[in-house]
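Read through the structure below, which is laid out as structure tokens, and then see the notes.
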Amino acid sequence: MSIIRDKSLAAAGLAKINWVKDFMPVLNRLEKKFTAEKPFKGMKIAVCVHLEAKTGYLATVLREAGAEITVTGSNPLSTKDDICAALDSLGLAVYAWHGATAEEYRDHQIKALEFCPDIIIDDGSDLVMRLHEEVPQYAKNVLGGCEETTTGIHRLRARSDAGKLKFPMFAVNDAKCKYLFDNHHGTGQSTWDAIMYSTNNMVSGRTVVVAGYGHCSSGIAMRAKGLGANVIVTEVDRFKALEALMDGFRVMPMMEAAKLGDIFVTATGCTKVITTEHFKLMKNNVLLANAGHFDVEVDKAALEAMSVKKENRKPFIDGYHLSNGKVLNLLAEGRLVNIVAGNGHPADIMDLSFGIQLLGALHVAKNAKQLKPLLYNIPAEIDDEIIRIKLEAMGVNIDTLSAEQEAYLKSM
């Protein structure tokens with residue numbers, strides 16, 4: 001039985017799911033194939049991804065593929081109550097609601113694990129960590145799973161390297177169909193969609209400071225530049241710093257950038273990227289946003305400690321008044337701005353990521369007995385199959401190598 005907030009929202013949620021389905025041709029084709037073949041028949045799958053319309057469609061495809069599904073959220077503020085109601089109306093077990101407290105959030109995730117799943121589809125590695133550290137009794141049937149995010153991969157790699165991973169996991173985030181499109185283009189577009197919608201401010205002519213120049217943050221910097229911003233990148237990696245410099249961005253430490261920026265966006269997967277020493281140097285009315293998985297990149301505790309007043313200025317924006325008279329504006333409580341204050345990644349982009357999730361989960365189901373409890377990359381043939389389906393659905397054809405060309409490339 002689901003634990004959700006308002007079942008009356010089901011019709012609105014179903015309308016949203018039906019809308020995104022029209023723009024997710026990879027999932028459409030996999031749904032048709034899986035509905036006929038039922039590759040997950042008799043299996044239990046726990047899904048913990050940002051609980052919005054695209055995830056709703058993913059969950060229904062898994063159900064049509066024969067699996068018993070439980071669904072929970074990977075972020076309390078990204079969960080959409082109408083999508084929860086829609087999935088509940090379709091007979092899926094859903095444990096989540098928008099704005100859950102830390103305790104409720106934990107309880108919802110553990111509830112989603114109680115049926116002892118065979119496969120985990122995770123975002124941020126929340127379910128995997130809870131199975132290892134809090135409720136190991138629910139891991140007895142787990143064959144393995146797939147992880148969606150950079151942050152989740154960091155956590156899994158640390159556990160895998162330490163020999164403390166109990167079952168195999170696949171790094172969906174590191175698949176080409178994920179990081180080249182979802183992270184770069186999806187995060188780049190959706191982050192600025194959310195910032196512009198929630199603030200109603202211009203980006204053109206502003207100085208934007210982007211923390212990091214990885215797959216996500218480079219997309220954010222690229223989009224900011226395209227919107228007419230003067231973009232500064234901060235980095236701790238020399239190679240990424242040089243890459244940003246050669247892509248046309250200024251590069252400097254955050255201590256220098258803090259004095260110059262009008263809008264700050266973090267997407268590093270690390271903690272305390274912007275903290276007290278930086279806040280003290282900032283201009284009045286700067287915007288602080290985070291596009292990393294956890295709400296630890298902008299140091300909220302430090303910001304609250306140095307503030308004389310906190311004011312909710314408008315939806316998704318809290319103003320922190322400092323003793324020097326300046327106000328620093330934190331968007332989306334420092335959580336993922338693109339999905340808390342916006343609609344998340346475009347459906348066209350999530351089509352690729354969730355296609356990888358589906359075929360990754362199928363790979364686990366078919367090969368679990370041969371897999372050691374380690375973190376694995378997604379097999380190249382899965383990447384190739386998803387991109388083949390996507391291009392075909394878009395009506396795009398490409399060249400093929402002739403026999404002579406193949407022989408030439410293989411020659412000594």
In segment 83-92, anything surrounded by fewer than 20 Cβ atoms within 10 Å (Cβ to Cβ) and either closer than 21 Å to residue 125 by Cα or out of contact with any Ser or Thr (no Cβ under 8 Å at 6 or more places or on another chain) (or both) is listed as 89, 91
Could you pull out the residue among 277, 311 that is among the acidic types (Asp, Glu), assigned to a helix (DSSP H, G or I) and over 27 Å from residue 58 (Cβ atoms)? 277
Residue hits (segment 315-337; at positive phi and open to solvent by less than 80 Å² (accessible area, probe 1.4 Å)) are 325, 332, 334
The lone condition residue 107 fails out of (1) open to solvent by less than 10 Å² (accessible area, probe 1.4 Å); (2) part of a helix (DSSP H, G or I) is (1)
For segment 11-27, pairs from a residue that is more than 24 Å from residue 383 (Cβ to Cβ) and among the aromatic types (Phe, Trp, Tyr) to a residue that is at pLDDT 95 or above and crowded, with 19+ Cβ neighbours inside 10 Å, with Cβ under 9 Å and 6 or more apart or across chains, are 19/53; 19/347
All positions within segment 351-384 that are in contact with a Leu (Cβ under 6 Å, 6 or more places away or on another chain) and surrounded by fewer than 16 Cβ atoms within 10 Å (Cβ to Cβ): 368, 373
What are the residue pairs meeting all of these: first residue in segment 374-398, first residue in a loop (DSSP other than H, G, I, E, B), second residue aromatic (Phe, Trp, Tyr), Cβ atoms under 9 Å, and 6 or more apart or on different chains? 378/170; 379/170
Answer yes or no as to whether residue 181 is within 18 Å of residue 362 (Cα to Cα) and touching a helix residue (DSSP H, G or I) at 6+ places or on another chain (Cβ under 9 Å). no
Consider only pairs whose beta carbons are under 9 Å apart and that are at least six residues apart or on different chains; among these, list those whose first residue lies in segment 297-308 and is more than 18 Å from residue 336 (Cβ to Cβ) and open to solvent by less than 50 Å² (accessible area, probe 1.4 Å) and whose second residue is of a type outside the set (A, V, I, L, M, F, W, C) and in a loop (DSSP other than H, G, I, E, B). 302/272; 302/275; 306/280; 306/323; 307/323
In segment 126-157, which residues are among the polar types (S, T, N, Q) and surrounded by fewer than 19 Cβ atoms within 10 Å (Cβ to Cβ)? 137, 141
Exactly one condition in (1) at pLDDT 95 or above; (2) open to solvent by 20 Å² or more (accessible area, probe 1.4 Å) is not met by residue 191; state its number. (2)
Taking the condition among the hydrophobic types (A, V, I, L, M, F, W, C), open to solvent by 60 Å² or more (accessible area, probe 1.4 Å) and either on the phi > 0 side of the Ramachandran plot or assigned to a loop (DSSP other than H, G, I, E, B) (or both), does residue 260 pass? yes
Restricting to segment 1-35, name every residue that is among the hydroxyl-bearing types (Ser, Thr, Tyr) and more than 22 Å from residue 107 (Cβ to Cβ). 8, 35
Regarding segment 196-205, can at least one residue be identified that is within 26 Å of residue 366 (Cβ to Cβ), aromatic (Phe, Trp, Tyr) and open to solvent by 20 Å² or more (accessible area, probe 1.4 Å)? no
Quickly run through segment 94-141 and pick out the residues that are touching a strand residue (DSSP E or B) at 6+ places or on another chain (Cβ under 6 Å), under 21 Å from residue 174 (Cβ atoms) and among the hydrophobic types (A, V, I, L, M, F, W, C). 119, 120, 121, 127, 128
Taking residue 56 as the residue in question, decide whether it is more than 20 Å from residue 355 (Cβ to Cβ), among the small types (Gly, Ala, Ser) and surrounded by 21 or more Cβ atoms within 10 Å (Cβ to Cβ). no
If you check 44, 38, 80, which single one turns out to be among the basic types (Lys, Arg), open to solvent by 10 Å² or more (accessible area, probe 1.4 Å), farther than 30 Å from residue 391 by Cα and more than 19 Å from the chain's Cα centre (by Cα)? 44
State yes or no: is residue 203 of a type in the set (A, V, I, L, M, F, W, C), part of a loop (DSSP other than H, G, I, E, B), touching a strand residue (DSSP E or B) at 6+ places or on another chain (Cβ under 9 Å) and touching a residue at least 40 places away in the same chain (Cβ under 8 Å)? yes
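The values are calculated or read from the model by the stated rules, or taken from the named source; none is laboratory data. Note that this is a predicted model, so its numbers are computed, not measured. Heads up, the Cβs are rebuilt from the backbone with ideal geometry, glycines too, and the neighbour counts pull from every protein chain shown. Protein only, heavy atoms only, side chains kept; ligands, DNA and RNA dropped before computing areas. Shrake-Rupley method; radii C 1.70, N 1.55, O 1.52, S 1.80 Å.
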